[in-house]
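Below: the structure, in structure tokens.
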Amino acid sequence: MLTALLVVISAISSYILLYVAIYYIIRIARPLHDYPGPLLNRLTPVPWIIHLWRGTLYSYADALHKQYGPVVRVAPNELSIIDPAAWKDIYVRPRIISGGDFPELPKPDWFFRPNMNLAPNIISADFDTHAHIKRGLAPGFSEKNIREQEPIIRVYIDSLLAQLRKRCGYGAVSVDLVKWFGHATTDIIAGLALGESFNCLQSGEGNDFTRLFNRVVREDIVLAGLRRVGPHFLTTLAYRFFTGHRVKYLDLCRQSLSKRVASGVLRPDLIQSLLNQEEYNFDSVVHTAALIIFAGEETTLSVLCGVVYYLASNPVAMETVLKEVRGAFRSEEEITIASVNKLEYMIACLHETMRIYPPVGAGLPRIVPRGAEVVIAGHVVPGDTNVAIPPYALNHCAEYWVEPDKFIPERWLGVDKRFASDKLHEGLKPFLVGPRGCIGQNLAHVEMRLIMARVLFAFDIELDKSCRNWVTDQTSWVTWARPPLYVRLTRVNQAGK
Ligand code: HEM
């Protein structure tokens, strides 16, 4: 009896072993076998997913590219590519060899919509739904509309400056800029997307929205990893544990928007064009506003904190930018959307920050449809392959940038011949490109330029010793999880008080 049982068990084990061996041999031999990458990554997506979950995908991709070159097989069916020529081929218009005619490489559901039971939003929607949502939103994000929003934005920036002044009095004190810039970007985006701010600046407190949406993003990352390796039901099951934060977050957005619609006030803001449509779906407006708040707050905040950190760590750059800003205006009132555009050096500092510390550091994947074949930066890529450009790795690659790990705003001024070979706008795409590119980039430029010009005009900034290595080993779940950034602010300019 025992012998028979052992025979059955050993037969089942051999069958499983054989199955696993054949499965993995097939995976290695899939059409991507010519692309280099670590053996473990060629066999399984697990190493990639572990880094996704740990928030270290950006530095892992950087290390793999430094070892294996511009195209790396980071998972059995995923290529990571750092080549400026690939921006167009992946994110704008696919160069199809065979397999049909598709207008874009689709976004893979495992990453953008790990739980298929959720309604699609502007980020996760398929091609047609996305085009419909984007058309509805576009008027609110036009340059003209953003200019009309200047008075609303100014109120919040005035409030930021008033709070910083209050905190530093006339002597120098240490303040956490992650906190204060965070309050400003949250209030601005909520004011423009929901019609009311969260009063973070006035109260000096973060609010439930910011806490909740960061939880939701991290939970989505966990779901994305699960969906990548496991069957769909596993994600659906896991989603049951996570659903609370998302529901609360959406409820808060719903409450604010209901108040705004009930008030009947028309505002030239980001959402008005959706509410102006003859028939709009209120729930879909809530989902869109919820997403805009996350997309608009976290990214802009990273750049603002990053530029202060790099300037405060580079005395020559700081001196140059202060000279420019303080020489350009006599009072804070002169600092406007139109006038900040002449601050060439400050704008170069913002570009350089987005290069060295890209707000979205890891790649945003696209998938080649099953059965198709496309060319990406000269490489033939078969169907069912995930492809992405990891911005952090591309922006730190010596092939495309002179001294890539150094903060050198001068490379953007086109004067110093040392940087003639830098890929500049060809390589740097912090807002992505193509139909899915960032709709908020006009607003982002306006916010970042206005806030930086006002802060540099009003304060001398010195980095607190505790923050000397502020960027080192940060984690990133789509956007950075920033530790506090302590700086000492000294009032220098009374003109705009
Ligand atoms: C420095 C600031 C910003 C950066 C670096 C940035 C970056 C990006 C990137 C990389 C995407 C593409 C996402 C994807 O493929 O899934 C994106 C999309 C988007 N961003 Fe931004 N963003 C910034 C600021 C903003 C602001 C201020 C807003 C809104 C007020 C905003 C709203 C959006 C929206 C709605 C999308 C989805 C667009 C679409 O799918 O068509 N972003 N952004």
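Since every read-out is calculated from the coordinates, none of them should be taken as a lab result. As the structure is a prediction and not an experimental result, all values here were calculated from the model. FYI the Cβ positions are ideal-geometry reconstructions off the backbone, even for glycines, and counts take in every protein chain you see.
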How high is the relative contact order of the chain, given as a whole-number percent (alpha carbon pairs under 8 Å, six or more residues apart)? 24
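By per-residue mean of other Cβ atoms within 10 Å, what is the highest-first order of 362-373, 207-218?
Top of the packing list down: 362-373, 207-218.
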Of all DSSP beta bridges with both partners in region 31-491, the antiparallel percent, nearest 5, is 90
Specify the inter-centroid distance of region 441-469 and region 184-240, based on alpha-carbon positions, in whole Å. 25
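Assign unit charges at the C-beta atoms only (+1 for Lys and Arg, -1 for Asp and Glu), then state the dipole size of region 31-491 relative to its Cα centre in Debye, rounded to the nearest 20. Mind dumping the intermediate values first?
On the way: 51 positive and 49 negative charges, 121 e Å.
Using Cβ point charges on Lys, Arg, Asp and Glu, region 31-491 gives about 580 debye.
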How long are the semi-axes of the equivalent ellipsoid of region 271-411, taking √(5λ) for every eigenvalue λ of the Cα gyration tensor, in whole Å from largest down? 35, 28, 12
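Counting each pair of different Cα atoms once, what's the Kirkwood radius of region 178-292 in Å, rounded to one decimal?
15.6
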What residue among Val455, Thr236, Ser124 has its Cα farthest toward the positive end of the dipole of the chain, where the charges are +1 on Lys, Arg and -1 on Asp, Glu, each on the Cβ? Thr236
Using the 10 angstrom Cβ neighbour count as an exposure proxy, how do Leu432, Leu201 rank, fewest first? Leu432, Leu201
State the Cα centre-to-centre distance between region 377-439 and region 348-371 in whole Å. 8
Taking the radius of gyration and the Kirkwood hydrodynamic radius from Cα positions alone, what is the Rg/Rh ratio for region 347-481, to two decimal places? 1.02
For region 116-248, with +1 on Lys and Arg beta carbons and -1 on Asp and Glu, the positive-most of Ile146, Ala162, Val175 along the dipole: Val175
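Only helices at least 15 Å long along their own axis, judged from Cα atoms, and with Kyte-Doolittle mean hydropathy of 1.6 or greater: name those in the chain from DSSP H. Each step should come with its number before you reach the end.
Numbers: long enough: 2-29 (40 Å, 2.05); 57-68 (16 Å, -0.63); 127-141 (20 Å, -0.26); 150-168 (27 Å, 0.09); 177-193 (23 Å, 0.90); 208-229 (32 Å, 0.11); 232-263 (43 Å, -0.15); 282-313 (47 Å, 1.22); 315-328 (20 Å, 0.27); 344-356 (18 Å, 0.32); 441-458 (25 Å, 0.76).
Counting only whole DSSP H runs, the qualifying helices are 2-29.
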Using every alpha carbon pair in the chain, what percent of pairs falls into each 10 Å bin from 0 up to the bin containing the largest distance? 4, 18, 28, 26, 16, 6, 2, 1, 0, 0
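Of Lys66/Lys429; Lys179/Lys423; Lys88/Lys134; Lys107/Lys406, which ones are farther than 22 Å apart at the Cα? Can you show the working numbers first?
Values: Lys66/Lys429 20 Å; Lys179/Lys423 34 Å; Lys88/Lys134 20 Å; Lys107/Lys406 33 Å.
From the list (Lys66/Lys429; Lys179/Lys423; Lys88/Lys134; Lys107/Lys406), the Cα-Cα distance tops 22 Å for Lys179/Lys423; Lys107/Lys406.
Neighbour counts of other C-beta atoms within 10 Å: give me Glu447, Glu104, Glu279 arranged from fewest to most.
Listed from fewest to most nearby Cβ atoms, that is Glu279, Glu104, Glu447.
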